[in-house]
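First comes the structure, then the notes that go with it.
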Amino acid sequence: MSYFPSINKIQYEGTDTKNMFAFRHYNPDEVVMGKKMKDHLRFAIAYWHTMTQDGSDPFGNPVNQRPWFGETPMETAKNRVEAFFEICEKLGAEYFCFHDVDIAPEGDSLEEFFANVDEITDLIKEKMDQTGIKLLWNTANMFSNPRFVNGAASTNNAEVYAIAAAQVKKGLDISKKLGGENYVFWGGREGYETLLNTNMKLEQDNIARLFKMAIAYGEKIGHKPQFLLEPKPKEPSKHQYDFDAATTMAFIQHYGLEGDFKLNLEANHATLAGHTFEHEIAVARCYDSLGSLDANQGDVLLGWDTDEFPTNVMDVTLAMYEVLENGGIAPGGINFDSKVRRSAFEAEDLFLAHIAGMDTFARGLKNAAKLKEDRFFDDLKEERYASFNEGLGKKIMNDEEDLESLYDYAVSHEDPVLKSSHIEYVKNILNDYL
Ligand code: XLS
Ligand code: CA
Ligand code: CA
């Protein structure tokens, strides 16, 4: 059974092609800096945006045309598995990601939900075995259900906390069953609306407590995915605890979670926090904690999480440069946490959108590799920090100076002669790489 009989496996055809359903830049087996493009990029498809997003917005009804709706929620869920793997296979995406609620209906009780999850993950496992497509990460949705109105791990209600813990346990069981390489926590409701009624310390302690339970349970069942925390400053909560990469690292370090947790960074969350994507990746690298990436982009004119497919070549080039500097992204990957625009409502747009995102990342990768090969940033930075390579600078770097010795140096020398950055020239040349 095919949901997209008119679409063949997407092939690389180059920029001269007139075929909409072809890659113009992404050539999976092409070798860039000694590694195949597909192994640099480790593309993953997000189940939620691809299979369950209906195109509605706060002012408009669902608009997306999708061929997989069945008579019952379970039938739809089963059809989705079939359609999803067809999409992944035809796009040549080797990984996927999902929330528990994306794949199976919640039913009338937690028990029914988990039974549905078991049934659907049996089907997913079959498809994974048939196609070789792998699970990059899964997660528990602990933000949509009304019970999480006051948070999940940060809730004020111990029984809600238990439900969150049950979902995490189930999530880890599924991760083991499907060989998940990472496991994500994103705290959309782990934040607060007003401090008037919030015990911030208790909430954060409880969040860390749940993470420690997850680590312990993973050890118990002999399954150790890389745990990832995904920062986002706001939306849906007014203030979310995992505000950005730096705040999240402080949390990880404060609670002693460094050995088990790294970061899953999303481009649009970076911009919501007032940062660039490459800034967030660079912060993670400073802590040796870059885990995985959620690829998308926001809109410079809008202040919310638009989750657009990434098409900005400059932004993606700078992000991919950081990934190369990191020595790669594995066991993480590049997950398209992106949704088609409301006006792109045909099911085939799911292919066109992913092709656009994959092509943009292929361009970003190739540009970044060229920048690396040409030592574009390496030379620039080496020259900029050259004063730390010899004399006084070298002694500072070797911890051979103290406040008194630097005082003596400063008062006995004239003011230094500074150099211009010529930064506009640098940006002009950088454009040549796009
Ligand atoms: C929402 C988040 C979410 C996480 C997984 O903004 O991006 O989708 O990636 O829960
Ligand atoms: Ca995300
Ligand atoms: Ca998002």
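The values are calculated or read from the model by the stated rules, or taken from the named source; none is laboratory data. A quick note: this is a predicted structure, and the numbers were derived from the prediction, not measured. Note that each Cβ is placed from the backbone with ideal geometry, even for glycine, and that neighbours are counted across all protein chains shown. With ligands, DNA and RNA removed, areas are computed over all heavy atoms of the protein, side chains included. Shrake-Rupley method; radii C 1.70, N 1.55, O 1.52, S 1.80 Å.
Using only the heavy atoms of the protein chains and a 1.4 Å probe, how would W304, W48, W68 rank by accessible area, largest first? Walk me through the numbers on the way to the answer.
Details: W304 135, W48 30, W68 0 Å².
These residues rank, largest area first, as W304, W48, W68.
Quick one: accessible surface of E390, probe radius 1.4 Å, all protein chains present, in square angstrom to the nearest 10.
Rounded to the nearest 10, that gives 130 Å².
Which entries of K38/K372; K381/K419; K36/K78 show an alpha-carbon separation above 23 angstrom in the structure shown? Before the final figure, lay out each step's value.
Values: K38/K372 19 Å; K381/K419 13 Å; K36/K78 33 Å.
Where the Cα-Cα span goes over 23 Å, the pairs concerned are K36/K78.
Using the alpha-carbon centroid of each, what span in Å lies between the range 103-129 and the range 11-87?
One Cα centre to the other: 21 Å.
Rounded to the nearest 20 Debye, what is the dipole magnitude of the range 194-329 about its Cα centre when Lys and Arg each give +1 and Asp and Glu each give -1 at the C-beta? Don't jump to the answer; show the numbers that get you there.
Working: 10 positive and 21 negative charges, 131 e Å.
The dipole of the range 194-329 has a size of about 640 debye.
Using a 1.4 Å probe, what is the accessible area per residue for the chain, in Å²?
On the way: 21270 Å² over 434 residues.
Per-residue accessible area for the chain comes out at 49 Å².
Kindly express, to the nearest 10 degrees and within the range 0 to 90, the angle between helix 349-373's C-alpha long axis and the longest C-alpha principal axis of the chain.
The answer is roughly 20 degrees.
Relative to the longest principal axis of the chain, what angle (0 to 90°, nearest 10) does the C-alpha long axis of helix 313-325 take?
Compared with the principal axis, the helix lies near 80 degrees.
So if the hydrodynamic radius of the chain is defined as the Kirkwood radius over C-alpha pairs, what does Stokes-Einstein give as its diffusion coefficient at 20 °C and 1.002 mPa s, in µm² per second? List each step's numbers first, then the result.
Details: Rh = 23.4 Å.
Diffusion coefficient, whole number: 91 µm²/s.
Rounded to the nearest 10 degrees, what's the angle between the helix 403-412 long axis and the longest principal axis of the chain, both from Cα atoms, 0 to 90?
50
Express in Å², to the nearest 10, the accessible area of C88 obtained by rolling a 1.4 Å probe over the protein heavy atoms while all chains stay in place.
0
Could you work out which residue, out of V168, V117, V149, moves most in a Gaussian network model of the chain, that is, has the largest mean-square fluctuation with Cα springs under 10 Å?
Taking springs between Cα atoms under 10 Å, the residue moving most is V149.
Which value, in Å² and to the nearest 10, is the accessible area of K9 when all protein chains are kept and the probe is 1.4 Å?
110
How long is the gain from T72 to K18 if the chain were fully straight, where each residue apart is worth 0.36 nm and the alpha carbon distance is subtracted? Before the final figure, lay out each step's value.
Details: separation 54, 0.36 × 54 = 19.44 nm, distance 4.02 nm.
Gain on extension, T72 to K18, equals 15.4 nm.
Checking the table K169/K212; K177/K224; K177/K234; K170/K220 against a 21 Å threshold on Cα-Cα, which pairs fail?
Numbers: K169/K212 12 Å; K177/K224 12 Å; K177/K234 33 Å; K170/K220 14 Å.
Where the Cα-Cα span goes over 21 Å, the pairs concerned are K177/K234.
When the chain is modelled as a GNM with alpha-carbon springs shorter than 10 Å, which of K232, K262, K212 fluctuates the most?
Among K232, K262, K212, the largest GNM mean-square fluctuation belongs to K212.
Express in whole angstrom the spacing between the alpha-carbon centres of the range 153-208 and the range 353-427.
40
Thinking of the range 1-60 as a set of Cα atoms, what percent of all their pairs are more than 20 Å apart? Let's see the in-between values first.
Working: 914 of 1770 pairs.
For the range 1-60, the share of Cα pairs beyond 20 Å comes to 52 percent.
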